[in-house]
1. What number of residues in the range C:207-250 are modelled with pLDDT of 90 or more and hydroxyl-bearing (Ser, Thr, Tyr)?
2. Quick one: count up the residues across the range A:138-177 that are over 25 Å from A:Val243 (Cα atoms) and either part of a loop (DSSP other than H, G, I, E, B) or not assigned by TED's automatic domain parsing to the domain that holds A:Lys215 (or both).
3. Can you tell which of C:Gly260, C:Gly282 is in contact with a helix residue (DSSP H, G or I) (Cβ under 7 Å, 6 or more places away or on another chain), part of a helix (DSSP H, G or I), crowded, with 21+ Cβ neighbours inside 10 Å and modelled with pLDDT of 95 or more?
4. May I ask you to list the residues in the range B:50-79 that are of a type outside the set (Gly, Ala, Ser) and surrounded by fewer than 19 Cβ atoms within 10 Å (Cβ to Cβ)?
5. Which condition does B:Val442 not pass, out of (1) without any contact (Cβ under 8 Å) to a residue 40 or more places away in the chain; (2) surrounded by fewer than 18 Cβ atoms within 10 Å (Cβ to Cβ); (3) among the hydrophobic types (A, V, I, L, M, F, W, C), if it passes all the others?
6. Can A:Val95 be described as in contact with a Pro (Cβ under 7 Å, 6 or more places away or on another chain), hydrophobic (A, V, I, L, M, F, W, C), surrounded by 13 or more Cβ atoms within 10 Å (Cβ to Cβ) and under 27 Å from A:Thr181 (Cα atoms)?
Amino acid sequence: MTQTIIWTVAILTVLGLLLALILFWVARKFKVEEDPRIDEVEKVMPGANCGGCGFAGCRAFADAAVKATSLDNQYCPVGGDEVMQKVASILGFTVAAKAPQVAVVRCNGTCANRPRTNEYDGVQSCRVKAALYSGDTACAFGCLGCGDCVAACQFGALSMDPETGLPVVDESKCTACGACTKACPKHIIELRNKGPRGMREFVSCVNKDKGPAAKKACAAACIGCGLCAKTCQHGAITVTDNVAYIDFTKCKLCRECEAVCPTGAIHGVNFPKELDKEAVKKRIADRKAKAAEAAKAAAVEPVEKKEVANG
Amino acid sequence: MGKLTFSMGGVHPHDSKYARECAIEELPLPQTVYVSMAQHLGAPAKPLVAVGDSVKVGQVIAEPGGFISAFVHSPVSGTVKSIAPRKDLAGNPVMHVEIAVEGDEWDPAIDRSKDLVTAIPDDRAAILDRIKACGVVGLGGATFPTHVKLNPAPGKVAECLILNGAECEPFLTSDYRIMIERPKEIVVGAAIMQKVLGGCKCVIGIEENKPEAIASMSAAVRELGYPGIEVQTLKKRYPQGGEKQLIDAVMHRQVKSGGLPIDVGAVVQNVGTSLAVYEAVQKNKPLITNVLTITGDKIPGNLQHNYLFRIGMPLSWIVEQAGGVPETAAKLISGGPMMGKAISNLDATTVKGSSSVLYLSEEATRRQPETGCIRCGKCADACPMGLEPFLLNRLYKAADLEGLERNAAQDCIECGCCLYSCPAHIPLLDNIRQAKGQVMGVIRARAAAAKAAAEAAKAAAEPKK
Amino acid sequence: MDKKYIVSPSPHIHADISTTKIMRDVIIALCPAILVSVLAYGWAELLVLLVSVASCVLLEWAVTKWMMKRPSTVGDLSAVVTGLLLAMNLPSAIPLWIVFIGAVVAICVAKLPFGGIGQNVFNPAITGRVFLLVSFPAQMTNWTPTRGFIQITDAVSGATPLSVLKESLKSGSTIPEFMEAHGYTTATLLQDIGASAGEISAIALLLGFVYLLVRRVVKPWIPLAVLGTMALVAAIFHGINPDVYTGVEFNLLTGGALLGALFMATDYVTSPMSTWGGVIYGAGIGLIAMMIRYFGSYPEGMSFAILLMNCTVPLLNMWFHQKKYGRA
């Protein structure tokens, strides 16, 4: 009995040593020389391997960053400026600050706003549903509600609201990696600047149908009336294909568009105060009146001047 | 010869051909028709008429928008009211020509008599031109332009024209009715196509559950006496009427992945297409009518019909003529229950390829909740392409495009046998259809890249000469 | 449209088939054998069956509900099948608490930790049985006949034929002596032998299997491969030395060969999907089972053979595919 134990121990020890030697030799023989900075860069990366930067993962990003001559073409949306500054300092580059972004769901076709016209009974996948038909409401552009975006989000920032049937973005978790924007077959989710203290304005609709059709399909649709574009003092709003779009780089968050929108398609979020529509409307009306007065005054001015202006 | 069938997979759904005894009725004309510009596979047609134009029955209103495309003719006489996007049966906007119906004045060039014309024109090119000019497309489901299919690439020889009278989809009876009511026209159409293809033999394949159709077609073949046409009985097995399966059954040959039927010397046409070819060549009548079945499960007999309809009649209008949608209907389908499309918009219009409006009850069509795969392999047993749907489903979920291509997701014919036979009710085809699309995209992109590379290499090589 | 019609991708109809219906067919197929064993072994056997099935179902229900927090899969009847198969692999005189332990191993070790139905690598019933065989060898092989409702078997030994045989061989007797001593002939083997419940009647098992074939629940390739290989191996060895190696009929009709080949090796989840994969899998089971019987220290190798070949299933599924249309 004792002998058996001794033999077993001996054989296992020898075997272990032998294998360790082989492993040591293989590790030596096949060692790949890598720029040590790749490891350093990888260490400061978020490590989510989400692919939001366009590379296969954090290490691929680091590898590309080390080989690159500048960081202009690379950006880690998850780590944001903080990580990019660290990467830059390791590699001796400088990077310009980029405004932090967040995913915005541009559909407000809640169950209440957008009546269902049929019942979908296929696999719960927006991609499959979109390939099949225009959707279970009269709006062919809106959210299909199967949650492909939720499945695509690696950070748990998206969830379906059972009440509205629409996805909700948790801003504290959203890293703006853009996975959801790619997963949405209707291209409803957009990455927009987070805005100062999270305040931002956006059109929560992408329906390109003409006004009456859009309105019939969904009570909260953008009907492309253009009132917002006319009201905007900053040239931030354009209306193409019967749907308005607010350029977040130009928007000054005055909330006038939100006040004048007849269907409530324009949403403002994270503002400290609730929007007083009447006050804003009055402000617009006053401004218009003033402008009209000014125009009148201009019209009263000598005729020659006007001709010059026209000529 | 005994009963033939394809060599792998397949399922045996109940044939449910309740409307088989309903003779074809001609529908009255509605007030307005909407003619779709995308009724065929390939590029949409380009409208040739303007708002306010008056048109006659059979007049060309749109021309082909590409090589694979087809002419579209006015199915009615009247005035063009609008040319605008309108929702198709899946709710997607498609360009339609709206025509207000006034009277029923036909283009005088169309022979509207019932006389059978058996003499076949000699000029092959003229026949092809006539088929193209009449806008004939395949009526078996894919609506591929017939003149393209009947004109194989140089070097490819057709050995056998297979006329598809299998009608393997449950419920549908439109092909059955035309084989009963117009067998001679179909045979003449087949003889015309034989001629175009250079005198190959022709096999008319009909499933064994339609003995009356087999009898009537055999009688017509015997009576007309064209050489090289025979009727072949096929076993009742879905998807017997699939192009690749039919070639396998009749010729015992298999089309290579990514290949065309003509590669193995086969051309497959539907019996309905054959009728359309007859009318186009012998009667100069463009494809403006077709036969459609209105049927369903557990619905009264008086709601079931086989209708001769004019293309462009709204589905809702036809359904109204047929007595309305029955109370029990939970799902409306255009086409068969295995491959047809669910109708989400009944205001949509009929197109050349419309074959049915099917009412299915809740219990017949409601999907059961998905449970875990028990690896029974029934999907693989059922797949007529020899694929492994359970594996493709798993690879799709893992987004493994390479694995999908290696396991031939692109070969899927979307027949639905896998989902039909899955005891765990896993939505296999829903996912595999997506996978197929993705793999096809990869294959196309690779082909395009290879072509570009070859051209670049050619361009680089040329200056050296 | 006022009414909200259903819209879904094709196909729009479904075959009259479901996991539950398949499991129900398996249960029906097991009925003849269950009936025979209950008649032969009486209340004791019935209790074993009931305890086994009830434990499996309850455990599955409890674990899916309280631990996995997902919809219960009890309704698909797969736990019932596991319970039945486990019970049929146990002697009727076994203490009921051992039966419960077997059910715990089958459901809570072999099945649910892998993800429940369809995900398990090893056949749950066999895992449970092997666990019991290794842990409680005495209770598992020592067979004291319980009082049956009718007298089917007149076996007098206290153990299954294979373990009796093993002992006889060890003590130096030859096969013909053994067969004669215990009165085993092909006819008696086919009808009734003293063994664990499921092994008692080959005819009843075959009857059930024919039902499964007719209902197209299983295909015959795996059982054919298992039994064919066993017969081949037995024929060769028996031909070489009939004194040491038992013959074909004896091997096919004892020790759960039929129950294993017909009902356990054909378990969907733990067998290969393709025909050729199945044939190799079956041949492997037959070979290993015979090797254990002839050369191993255990009298019976069917369960071990199936478990071992279960491991190869992913590989066989990877290697063997269906013939595809239009591809070489």
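1. Matching residues across the range C:207-250 total 2.
2. Adding up the residues that qualify gives 14.
3. That would be C:Gly282, the only listed residue that is in contact with a helix residue (DSSP H, G or I) (Cβ under 7 Å, 6 or more places away or on another chain), part of a helix (DSSP H, G or I), crowded, with 21+ Cβ neighbours inside 10 Å and modelled with pLDDT of 95 or more.
4. B:Val51, B:Asp53, B:Lys56, B:Val60, B:Glu63, B:Phe67, B:Ile68, B:Thr79
5. It fails just one condition, (1).
6. no
Yes or no, residue by residue, for (1) crowded, with 18+ Cβ neighbours inside 10 Å; (2) outside any helix (DSSP H, G or I):
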site: C:Phe304; (1), (2): yes, no
site: C:Pro314; (1), (2): no, no
site: C:Met318; (1), (2): no, no
site: C:Lys323; (1), (2): no, yes
site: C:Gly326; (1), (2): yes, yes
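For every residue, the table says whether it meets (1) at pLDDT 95 or above; (2) more than 14 Å from chain A (Cβ to nearest Cβ); (3) farther than 24 Å from B:Val319 by Cα.
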{"site": "B:Gly2", "(1), (2), (3)": "no, yes, yes"}
{"site": "B:Tyr18", "(1), (2), (3)": "no, yes, no"}
{"site": "B:Val33", "(1), (2), (3)": "yes, yes, no"}
{"site": "B:Leu89", "(1), (2), (3)": "no, no, no"}
{"site": "B:Val97", "(1), (2), (3)": "yes, yes, no"}
{"site": "B:Gly103", "(1), (2), (3)": "no, yes, no"}
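The values are calculated or read from the model by the stated rules, or taken from the named source; none is laboratory data. Worth saying up front: this structure is predicted, and the values here are computed from it rather than measured. No Cβ is skipped: glycine too gets one built from the backbone with ideal geometry, and neighbour counts run over all protein chains shown.
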